[in-house]
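Below is one structure, written out as structure tokens; comments come after it.
The values are calculated or read from the model by the stated rules, or taken from the named source; none is laboratory data. Small disclaimer: the values here were computed from a predicted structure and weren't measured. Reconstructed Cβ throughout: ideal geometry from the backbone, glycine too, with neighbour counts over all protein chains shown. In case anyone asks, the SASA skips ligands and DNA or RNA and just uses the protein heavy atoms, side chains included. Shrake-Rupley method; radii C 1.70, N 1.55, O 1.52, S 1.80 Å.
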Amino acid sequence: MNYYIRRFSQAIVTFVVGMFITFALYRLVPGGPVQAIIADRVQQMQQRGQPVDTQEVAEMAEQLTGINPDKPIPIAFYEWLRDIILYQDFGESILFQDPVFDILFRGMPWSIFLSVYGLLLGFTATIAVGVFMAWHEGTKIDSGLTVFVLVMRSIPYYVAAIVMLSVLAFQWGLFPTGGRAPPAADPGFNLEYMIGIARHAALPILSNFIVGFAGGAIGMRALTVRVIGGDYLRSARLRGLGTNRILTRYLTRNSILPIYTGFMLGIAGMFSSNVITEQIFQYHGVGWFMLEAAVNQDYPLVMAAFVFFSGITVTAILIADLTYGLIDPRAGTGATRESF
């Protein structure tokens, strides 16, 4: 229990320190959010021929961003964090004129939908292809798949996304060119709407699949090759066990353990990659809102999106740390080692 408490405490400290550093850097950058909003509103008022009251504009900018430039950064950070914890108040989006929490809540299910399916498909393909390559080590099948995986790994996910969008959507018309669902379909659990969601998400999920698949197949092959030489596999063959059972019950289960942590970290990486993927496909998830907010200097929405991505990353690492002993009993929890 002490081990779990320490790990949980370390995760909280890491999360808070990360938020404080981001909060401070955003405040200290030249031309920060308050100054940017003031300059933009003054320019708009001058173009309309309205009289400019600098003090009034400054108060309005502080109200929108929740930032008082005169307050020290630690105090401002404490007040910002207090409002989040006690009131779930991230402020109001300057760009979309809606509460930030409502915007994230609308985009979060769609981002999770893309990330989970893309990561699961990629992780499954990684295991299957890596084990298959290792089982045929040294053959033409192994060499051909190795070259294929290396080529796929060298292609950035956003380049693959742009190519698929250009060819499969614009040229061939097999998939929609953007959006989350058919605009003419009635939202709900009906066949037309569900099929439309699947078609709109197909290309973004395929982009995430390429990232998850190409990134780990070679590593899975190396781990499996090392496991193949184990005595228990030779014993399994001598006992007359079938090839399929040896591959699934013995080889794959023992090869997959070292990449478990990488899989959990891949969850965080997949959400981060969605920032570009969602922009390419105009898929309005958390990543799309975050990029729009960053471009338009929407400080409350940027900080809230950072909290979301940081929380996903820290949580994934914490779960991997706490559950690895359950996946591999030989590893334990690490409490024994820390007690010495």
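Here are the numbers for this structure:
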read-out: Matching residues in segment 122-142 - criterion: being surrounded by fewer than 15 Cβ atoms within 10 Å (Cβ to Cβ) and assigned to a helix (DSSP H, G or I); value: T124, K140, I141
read-out: Segment 110-121, subset modelled with pLDDT of 80 or more and open to solvent by less than 10 Å² (accessible area, probe 1.4 Å), residue nearest to V286 (Cα to Cα); value: S111
read-out: Options R237, R221: the member that is open to solvent by 50 Å² or more (accessible area, probe 1.4 Å) and under 31 Å from the mean Cα position of the chain (by Cα); value: R221
read-out: Near pairs, Cβ below 9 angstrom, 6+ apart or cross-chain, from segment 15-33 (surrounded by 11 or more Cβ atoms within 10 Å (Cβ to Cβ)) to any residue that is at pLDDT 70 or above and not in a helix (DSSP H, G or I); value: G32/Q297; P33/I94; P33/Q297; P33/D298
read-out: Residue in segment 178-197 that is of a type in the set (V, I, T) and at pLDDT below 90 present; value: no
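Conditions tested, residue by residue: (1) touching a residue at least 12 places away in the same chain (Cβ under 8 Å); (2) open to solvent by 20 Å² or more (accessible area, probe 1.4 Å); (3) within 21 Å of I256 (Cα to Cα).
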position: G144; (1), (2), (3): no, yes, no
position: Y158; (1), (2), (3): yes, yes, no
position: G173; (1), (2), (3): no, yes, no
position: D231; (1), (2), (3): no, yes, yes
